[in-house]
1. Just how much of residue B:116 is accessible, in Å², when a 1.4 Å probe is used and the result is rounded to the nearest 10?
2. Would you mind counting up the charge near residue B:113? Only other residues with Cβ under 12 Å from its Cβ, with Lys and Arg at +1 and Asp and Glu at -1.
3. Which percent of the accessible area of chain B is formed by carbon and sulfur heavy atoms (probe 1.4 angstrom)?
4. Could you give me the percent of Cα pairs per 10 Å distance bin for the protein assembly as shown, shortest bin first, beginning at zero and ending with the bin that holds the maximum distance?
5. What is the Rg over Rh value, at two decimals, for the stretch B:41-105, using alpha-carbon atoms and the Kirkwood definition of Rh?
6. Helix-only estimate, please: 222 nm mean residue ellipticity of the protein assembly as shown, summing -39500 (n - 2.57) across DSSP H runs of length 4 or more and dividing by its residues, to the nearest 500.
7. How much area per residue is accessible in chain B when the probe is 1.4 Å and only protein heavy atoms are counted (Å²)?
8. How far is helix B:78-90 tilted, in degrees, relative to the longest principal axis of the Cα atoms in chain B, given as a value from 0 to 90 rounded to the nearest 10?
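The values are calculated or read from the model by the stated rules, or taken from the named source; none is laboratory data. What you see is a predicted model, and the numbers here were worked out from it, not measured in a lab. Cβ placement follows ideal geometry from the backbone for every residue including glycine, while neighbour counts extend to all protein chains displayed. Remember, those area values only see protein heavy atoms, side chains included, never the ligands or the DNA or RNA. Shrake-Rupley method; radii C 1.70, N 1.55, O 1.52, S 1.80 Å.
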Number of protein chains: 2
Amino acid sequence: MSASGKTRLPGRDALRDSVLGGDLVFLLARANALTLAAANAALAEHGLKARSYSVLALAADGVRPTQRELAEFLRLDPSQVVALVDGLEQRQLVERRTDPADRRANVLVATDAGRDLFARAQQAARAVELGLLAPVTPEEHERLAGLLRLLAFPG
Amino acid sequence: MSASGKTRLPGRDALRDSVLGGDLVFLLARANALTLAAANAALAEHGLKARSYSVLALAADGVRPTQRELAEFLRLDPSQVVALVDGLEQRQLVERRTDPADRRANVLVATDAGRDLFARAQQAARAVELGLLAPVTPEEHERLAGLLRLLAFPG
DNA sequence: CCTCAATGATTGACATTTTCAACGGTTCGT
DNA sequence: ACGAACCGTTGAAAATGTCAATCATTGAGG
């Protein structure tokens with residue numbers, strides 16, 4: 001198959017060694033695309049995607065986030081959060097509770113079923129993460145997370 | 001149970017400390033969203049986005065990638081590459097050359113104007129990258145790139 | 001107490017991006 | 001030479017992203 005006579009194709013890694021190979025934005029984009037795809041695939045059997053999984057996670061965590069906080073944290077438009085929460089609420093995984101301290105705001109809490117599903121989904125998510133980071137030592141894993149946090153939460 | 005004595009609002013970083021705070025997929029997504037936005041903003045003055053910048057970069061690098069290679073490398077559908085290349089070609093920044101070794105394939109090469117614009121855009125891109133990584137040492141910067149490469153190019 | 005600007009959620013419209021299936025031209029193995 | 005596989009292209013459908021307008025509520029200042 002491959003290995004045509006001359007230097008025909010840019011070897012499988014000629015592109016990798018190009019300028020973009022050192023471009024952080026590109027590396028992030030590609031790493032994100034791959035991990036997101038893997039995560040979505042793994043979460044699909046639970047009827048979740050990375051997005052809905054994230055929302056469910058925060059609800060199940062008892063953090064009682066408002067939708068606005070959710071929107072900012074997940075970098076989504078508030079209207080997208082509405083749709084996301086609608087989906088989870090229809091499946092009885094989360095509930096909207098109007099915040100007694102500010103009746104404009106909705107606070108998200110997970111139902112028992114929600115916490116239950118989350119627990120299972122989290123295992124799948126963790127398995128994926130470990131699979132992705134198989135070639136990396138636990139210390140490097142933690143170091144990577146730390147550096148990403150710096151980028152993800154500047155200031 | 002929520003014996004909610006006081007409905008504490010999630011402090012500005014209660015969410016950060018939740019389960020998701022250690023979720024690699026989430027951190028990647030958020031870091032990617034922020035850096036992508038920063039990159040797009042910086043590239044806008046050159047009439048580029050991260051996507052078109054990437055294509056232009058590979059063309060300007062003399063790697064002579066085919067559109068299919070571009071698609072796989074950038075994790076895009078081939079049809080998206082068509083649109084991307086159309087845009088750059090109409091601005092006379094790149095040219096499609098049918099690969100003499102395989103006349104089905106188009107090889108991308110940058111024009112002089114293309115290389116010129118890329119040189120300028122690259123400066124903007126580098127400035128952004130340095131700004132984003134201001135809080136980390138150069139060694140950590142390199143380490144981050146290395147770890148991301150592992151995720152971005154498994155196998 | 002009574003405005004009034006600001007805020008949270010929601011809706012609906014619109015643009016952009018993603019994802020697929022189909023098609024003509026070309027290559028390659030058999 | 002045949003047929004399967006592959007490249008680029010097109011077009012359409014689905015999913016996402018972006019924005020402005022609205023309602024209810026809040027909080028500040030007169």
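1. 90
2. -1
3. Accessible surface attributable to carbon and sulfur in chain B totals 51 percent.
4. 6, 24, 28, 23, 13, 5, 1, 0
5. Reported Rg/Rh (Cα atoms, Kirkwood Rh): 0.96.
6. About -18500 deg cm²/dmol.
7. 52
8. It is inclined by approximately 60 degrees.
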